[in-house]
1. Taking chymotrypsin sites (Phe, Trp or Tyr not before Pro) as candidate sites, keep only those in a DSSP loop with at most 14 other Cβ atoms within 10 Å, then name the longest stretch of the chain containing none of them.
2. Given the DSSP H assignment, sum -39500 (n - 2.57) over each helix run of at least 4 residues in the chain and divide by its residue total; what's the result at 222 nm in deg cm²/dmol, nearest 500?
3. If you build a Gaussian network model of the chain, linking Cα atoms that sit under 10 Å apart, which residue out of P31, P89, P80 swings the most?
4. Picking from T77, T136, T152, which is most flexible by a Gaussian network model of the chain using Cα springs under 10 Å?
5. Report the longest stretch of the chain that contains none of the trypsin sites (Lys or Arg not before Pro) sitting in a DSSP loop with at most 12 other Cβ atoms within 10 Å.
6. How big is the gap, in Å, between the Cα center of the stretch 116-187 and the Cα center of the stretch 32-64?
7. Mean-square fluctuation check for the chain, GNM, Cα pairs under 10 Å: which of G48, G59, G157 is largest?
8. Pull up all non-local amide H partners of A53: gap of 5 or more, or a different chain, and H-to-H distance under 5 Å with H placed in the peptide plane.
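None of the figures in this text is laboratory data; all of them are computed from the coordinates on show. The structure displayed is predicted, hence computed values, not measured ones. Ideal geometry is used to build each Cβ from the backbone, glycine not excepted, and the neighbour counts take in all protein chains shown.
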Amino acid sequence: MNNSLTNTARLLGAGLRALLVLTLVTGVLYPLVVTGIAQGLFGGRANGSEIEADGRVVGSSLIGQSYNLPLKKGQETPEPDLKWFQGRPQNGLGTNSVNTRYKLILSGATNRSADDQDLIDWVTAAKAAVVRDNSTAGYRVRPSDVPADAVTSSGSGLDPDISPQYADIQVHRIAERNGLSVARVQRLVDEHTDGRTLGFIGEPRVNVLELNIALEDLAAKG
């Protein structure tokens, strides 16, 4: 009996010591080391890749934003504010989702097949809107000019980037709405176009928030 109690006590003691050591290593030391390395080497990314403008945080380079006009009386769907570069359509998980238009409760794709009639209708309407909104008196957008990312949402529904092609077809509209020359706006797009990661991963892209912040500065200077 004594031996049994002694063995039980010894095993309990060993288990408690192991629990304390593992808690210290995995629950305290490891998180501190990982956090320290992340803050030291990748501080901006570790803190959410925040973007500042006028001394305050205005968003993250990893999450898209909407650039819409305030809702009018009786209006349910906001209209885009066309003085800004527009991002990708943000359908979230679909029209019945709690996550539509960048609401960060959930994220995900619409998960609809290419022959789904709702998806076809969305893309058709989005393409017509892109052609209409970005055509000016001296510049006409053709339907064949509209890239796929201008009419479809991303897998997360929160993509902060657009393709250079989509940014380019917005240049004339942006120049007209902000009283700027087309050449200056085009140069702004070129300066904010990032190439493929490591030269071969992904596609060239333009971060819409960063581009719009630069546009605001440019417009303020006249």
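1. Answer from the scan: 43-199.
2. Working: 7 runs with 96 residues, N = 222.
Helix-only estimate at 222 nm: -14000 deg cm²/dmol.
3. P31
4. Checking each option, the largest mean-square fluctuation is seen for T77.
5. On the way: sites that count: K72, K73, R140, R196.
The segment 1-71 is the longest one with no such site.
6. A separation of 29 Å, based on Cα centres.
7. G48
8. The list, which skips near neighbours in sequence, is V58.
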